[in-house]
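A.B. asks: Below you will find the structure I want to go over with you.
The values are calculated or read from the model by the stated rules, or taken from the named source; none is laboratory data. In this text, all values refer to a predicted model and were calculated from it rather than measured experimentally. Here the Cβ is made from the backbone with ideal geometry for all residues, glycine too, and neighbour counts use every protein chain on show.
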């Protein structure tokens, strides 16, 4: 009968904590990079300019139909060979596991964020776009100042700003937002310090 030993988890906590930090960093970078690139891809896919539409569409459809593990494999093993051929280097260009992971996850997530953002933009009433064109805005300006703004969420500071402008209570609302942010940041800081002390033991 198998003898369970859960103490190995406690003994390995510092090492597991480093792995968790790396995972969180990779997730955050891939998410932010994916949203930025995905937004640009979504605008390209909604564009009537063929030179923008077709490359973006091929990119998104290719990445969405390819497993992530295969994309990682291609990037890690094939990109160094392609870079060697382009630069006429005698040996494959070293990219590294970390860089491969960050770039691969980012470009992979970008394909999915592109479709999410594109669907959100398409859900905006056409009257919003027509109003932008009526004001003399170009396609890019309509995207930046009308569509993307409509899609944006309202965070605590944004909500406080809107109430402050509505009720002419700037000091009160911004002070309240500052206190809330301080409380959250201070609480998280204490939590992280306690975790660091515990893992250091």
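A.B. asks: Within the range 79-94, how many residues turn out to be in contact with a helix residue (DSSP H, G or I) (Cβ under 7 Å, 6 or more places away or on another chain) and under 28 Å from residue 42 (Cβ atoms)?
C.D. replies: 0
A.B. asks: While we're here: Across the range 30-45, what is the number of residues that are in contact (Cβ under 8 Å) with a residue 60 or more places away in the chain and in contact with a helix residue (DSSP H, G or I) (Cβ under 6 Å, 6 or more places away or on another chain)?
C.D. replies: Of the residues in the range 30-45, 11 are in contact (Cβ under 8 Å) with a residue 60 or more places away in the chain and in contact with a helix residue (DSSP H, G or I) (Cβ under 6 Å, 6 or more places away or on another chain).
A.B. asks: Could I ask something else about it? Can you name the residue in the range 95-126 that is in a loop (DSSP other than H, G, I, E, B) and touching a helix residue (DSSP H, G or I) at 6+ places or on another chain (Cβ under 8 Å) and is also modelled with the lowest pLDDT among such residues? Give the derivation first.
C.D. replies: Of the residues in the range 95-126, the ones in a loop (DSSP other than H, G, I, E, B) are 95-96, 123-125.
Keeping just the survivors that are touching a helix residue (DSSP H, G or I) at 6+ places or on another chain (Cβ under 8 Å) gives 95, 124.
Working: 95: 81, 124: 72.
Taking the candidates together, the pick is 124.
A.B. asks: Grab the helices (runs of 4 or more DSSP H) fully contained in the range 1-89, keeping just those with 1 or more residues being touching a strand residue (DSSP E or B) at 6+ places or on another chain (Cβ under 9 Å), surrounded by 15 or more Cβ atoms within 10 Å (Cβ to Cβ) and in the same structural domain as residue 102 (by TED's automatic domain parsing). Spell out the reasoning first.
C.D. replies: On the way: elements: 7-11, 13-46, 50-64, 68-87.
So the answer is none; nothing clears 1.
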